[in-house]
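The values are calculated or read from the model by the stated rules, or taken from the named source; none is laboratory data. Since this is a predicted model, take the numbers as computed values, not measurements. Ideal geometry is used to build each Cβ from the backbone, glycine not excepted, and the neighbour counts take in all protein chains shown. We work out accessible area using only protein heavy atoms, side chains counted, and drop any ligands, DNA or RNA first. Shrake-Rupley method; radii C 1.70, N 1.55, O 1.52, S 1.80 Å.
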Amino acid sequence: MGTIKCGFWVTKFIITPDEFGDFLRLCDKYTIKFFLPTLENPQHSLSEVLQAYTMFYETYTAVERPKKCRRSFVYSMLIEFEKYKSGFHLVEDDVWFPYHGEWAKDKIPFLEMSFPKGHAVDYKDEKGEYFVFEDINKHRPEMYPIFEALSNHIKQFTKPFRFESFDDDKMKEKKTPVRISRQASEDFARSWLFRDNQLNMKSFVKKGA
């Protein structure tokens, strides 16, 4: 028995490889290590993580559609303290959008960094064994301030990601929980992804432009 809902702090974003490099340097300041969440669980250097992101980013911002479009980007971000280790998840997700009355086959990729708000604690009483989620800050007090610092860094140079797509044969604006940088908005606006799906970028675009 136990609780199953605890929630997450989440930051969703689209930034350029250069901007992602700055993000990685901030991660290095907090001694964050990056691991692929596979059976072998290999650790990647910051240069390897940046290279992987650059390939991921350029797949979707290229002018011409690549032969292979589906690239994934998934990492565990681990920090070791004296008494415990913990970390964040950094994964690729997608923004879905309509295209002339149907869901488009293509998706707009973004990164999502998350950290759970709850920590599972095992208990045992006369009724048996069970667990509950307690405030993560009680058990991992150093983690949320780091998550907040990384999130605030991204928020400094990004805005909410907005774009227009064809919905019922009319262009309609889509608002998302994702944040995008100015340069990334320009890169995506010129990309095959926006051209082939007749999307219009609205982030960082002046009204009336």
ask   = How far apart, in nm, are two points set 7 Å out from the Cα along the Cα-to-Cβ line at residue 149 and at residue 182?
value = 2.7
key: Whole-percent carbon and sulfur share, accessible surface of the chain, 1.4 Å   = 50
message = Compute the angle between helix 17-29 and the longest alpha-carbon principal axis of the chain, please, reported from 0 to 90 degrees and rounded to the nearest 10.
response = 10
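Taking region 163-209 on its own, what percent of its Cα-Cα pair distances exceed 18 Å?
Looking at region 163-209, the distances longer than 18 Å represent 27 percent of pairs.
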query = Any idea of the accessible area per residue across the chain, 1.4 Å probe, to the nearest Å²?
reply = 59
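For the chain, how big is Rg over Rh, using alpha carbon atoms and the Kirkwood form of Rh?
Ratio value, two decimals: 1.04.
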task = Report, ordered by chain and residue number, the lysines lying within cross-link reach of residue 67, taken as a straight Cα distance under 17 Å and ignoring same-chain residues fewer than 8 apart.
result = 105, 107
Region 46-121 versus region 150-205: alpha-carbon centroid distance in Å = 16
task = Among the listed pairs 33/159; 117/159; 83/159; 12/33; 12/202, give every one whose C-alpha distance is greater than 29 Å.
result = 83/159
